[in-house]
Structures are given as structure tokens and as C-alpha cells.
Amino acid sequence: MSLFPMFVKLTARPCMVIGAGNIAESKIESLLQAEATVTVIAPDALPRVRAWAEGGDIRWLQREYAEGDLVGTFLCVAATATASVNRAVYAEANERGILCNAVDDPPFCDFYFPSVVRRGELQIAISTAGESPALAQRLRKEINAQLPQDTGEWLMELGRLRREVCAVEPIGDERKLLLHELAHREVCGFDQCPSRMRARQHASLHGYGATNSRSEKPDLGHTGYEVK
């Protein structure tokens, strides 16, 4: 089976997790990190899940799952310790056209949770399509060990510089080549950063004018766009 890799915006989208034990806890945390609106259904919960509920981070319905609970849900995770319950959740999700992951039961999953390496806005996701989560975890550890801890900060500055370049240079091969060049250079937050000076030199050489310095424009933050 071929999987389609993508990153989905879950901010404020209603997501459901059935279960609140060890299997469910990490899935709930991942959804919270994506700023989803999370509802958890389980008769009991681990202390951390209870704390999320008490803090208003999630909505906890303290009871067993019942058919019809998924109405209005965008995405759901079946994460109980009972396979029959998880498969019942999957069956309802499938009937309603809702994406579902029945944890550790690949035939009953529309998607998988990848192993992820994070550095700020940078995410590197690894999936084995459920064939070997252990391999995915091993690869994550290897990549994590090689990737500098400050990569996220560098990416933030690169994103700011990209927006400065795009504000003055038209779409085309020249801009594309410059952005790829800058993605291989050190970028800092200072106006006289060599990479920013290179961008201004490039714009001037091609008659586009100089890119704005950070002191002349507000800090818009990183948009998450990739270099193109």
C-alpha cells in the first residue's frame, strides 16, 4: 500500500481520542501540540490526561465509548486496550467518512503516527506504513543525533530572509536559485548578516532594489513555507 505523505493543519479542528491510558497519552499529546480541539472518551485516565482535562486543555467524557460519539469529528484515534472496541470505533469512523487510527492495528488505520524529529518549525516525519515502528524509532534517534539543536532558530531566520527576498524579487528562476543558495548559508538576525547582504546584492544586481532590513519592517515570524 502506498501512503500519501502530508502535514495537516489541525488547529481548532475537533479530534476524538477513545481511551486515556498509556496507549492514548502520547496520541493526545501529539494532537495538543498541533492545537487541535481534543475530546477524550474513557472511564478512567492517567494522571497526565486528568491534568489536561482539569486545565481545560482537553474535554474528557468519563464513560465508555458508544456508537454515535464520532458525530462532528474531523479525525479520531482508537487507543483502548480492547481490540473489539477499537475496531468498533474504526467501523463508525469509516461509515461517517472520518479518518481513524486504531493504535497498533494497521489494517484498521487510515493514517499512522510517524516518528518525528522536531527543531522549532522543522519537522522530519518517518513512517514505515506500520511495518516496523521500531525501525522508524531507530531512524528518528539517528537523525536526531545528527541534527544541530539550533536548527529551529536558523530556520526562523531563514524564513524571515525568504520573505524579505520575495517582497522585492519577482517569481522566476533567478529568485528560486537565490533561495536555494541562501538555504545552504548561515543566516543570523543582524541587518549586516552576510546572507542578507548577499540577498540585497542579488536584488540590486538584477534591478529589483534592495531587500528591506529587519529594522525597517515588523517581525512577522516564520510562516512555515518551504524554499521553492
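The values are calculated or read from the model by the stated rules, or taken from the named source; none is laboratory data. Note that the structure is a prediction, hence the values are computed from the model and not measured. All Cβ positions, even for glycine, are placed from backbone atoms using ideal geometry, and neighbour counts span all protein chains on display.
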Residues of the stretch 95-105 that turn out to be more than 17 Å from Ile28 (Cα to Cα) and either surrounded by 14 or more Cβ atoms within 10 Å (Cβ to Cβ) or in contact with a strand residue (DSSP E or B) (Cβ under 7 Å, 6 or more places away or on another chain) (or both), as a count: 3
Search result, residues across the stretch 115-139 that are modelled with pLDDT of 90 or more, in contact with a strand residue (DSSP E or B) (Cβ under 6 Å, 6 or more places away or on another chain) and not β-branched (Val, Ile, Thr): Ala125, Ala136, Gln137, Leu139
Out of (1) in a strand (DSSP E or B); (2) under 18 Å from Phe4 (Cβ atoms), what's the single condition that is false for Val117? (2)
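In this structure, does Gly72 turn out to be touching a strand residue (DSSP E or B) at 6+ places or on another chain (Cβ under 7 Å), outside the structural domain of Ile126 (by TED's automatic domain parsing), surrounded by fewer than 16 Cβ atoms within 10 Å (Cβ to Cβ) and not aromatic (Phe, Trp, Tyr)?
Working: touching a strand residue (DSSP E or B) at 6+ places or on another chain (Cβ under 7 Å): yes; outside the structural domain of Ile126 (by TED's automatic domain parsing): yes; surrounded by fewer than 16 Cβ atoms within 10 Å (Cβ to Cβ): yes; not aromatic (Phe, Trp, Tyr): yes.
The answer is yes for Gly72.
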Can you pull out every residue in the stretch 121-166 that is surrounded by 14 or more Cβ atoms within 10 Å (Cβ to Cβ), touching a residue at least 60 places away in the same chain (Cβ under 8 Å), among the small types (Gly, Ala, Ser) and assigned to a loop (DSSP other than H, G, I, E, B)? Ser127
Restricting attention to the stretch 48-60, which residues are farther than 15 Å from Gly19 by Cβ, outside any loop (DSSP other than H, G, I, E, B) and not charged (D, E, K, R)? Ala51
Quick one: how many residues across the stretch 17-47 are out of contact with any strand residue (DSSP E or B) (no Cβ under 9 Å at 6 or more places or on another chain), in contact (Cβ under 8 Å) with a residue 24 or more places away in the chain and not in a helix (DSSP H, G or I)? 4
Does Ala91 satisfy the condition of being within 28 Å of Gly120 (Cα to Cα), surrounded by 13 or more Cβ atoms within 10 Å (Cβ to Cβ) and small (Gly, Ala, Ser)? no
Given the conditions (1) modelled with pLDDT of 75 or more; (2) surrounded by 14 or more Cβ atoms within 10 Å (Cβ to Cβ); (3) assigned to a helix (DSSP H, G or I), report the number of the one that Ser195 does not fulfil. (1)
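Considering each residue of the stretch 4-35, count those that are more than 26 Å from Ser84 (Cβ to Cβ) and out of contact with any helix residue (DSSP H, G or I) (no Cβ under 8 Å at 6 or more places or on another chain), and give that number. Quick ask: steps written out before the conclusion?
Initial filter on the stretch 4-35 (more than 26 Å from Ser84 (Cβ to Cβ)): 4-13, 32-35.
Add one more test, that the residue is out of contact with any helix residue (DSSP H, G or I) (no Cβ under 8 Å at 6 or more places or on another chain), and what stays is 4-9, 11-13, 33-35.
Adding up the residues that qualify gives 12.
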Scope the stretch 61-102; condition closer than 19 Å to Asn22 by Cα and under 23 Å from the mean Cα position of the chain (by Cα); matching residues: Cys76, Val77, Ala78, Ala79, Cys100, Asn101, Ala102
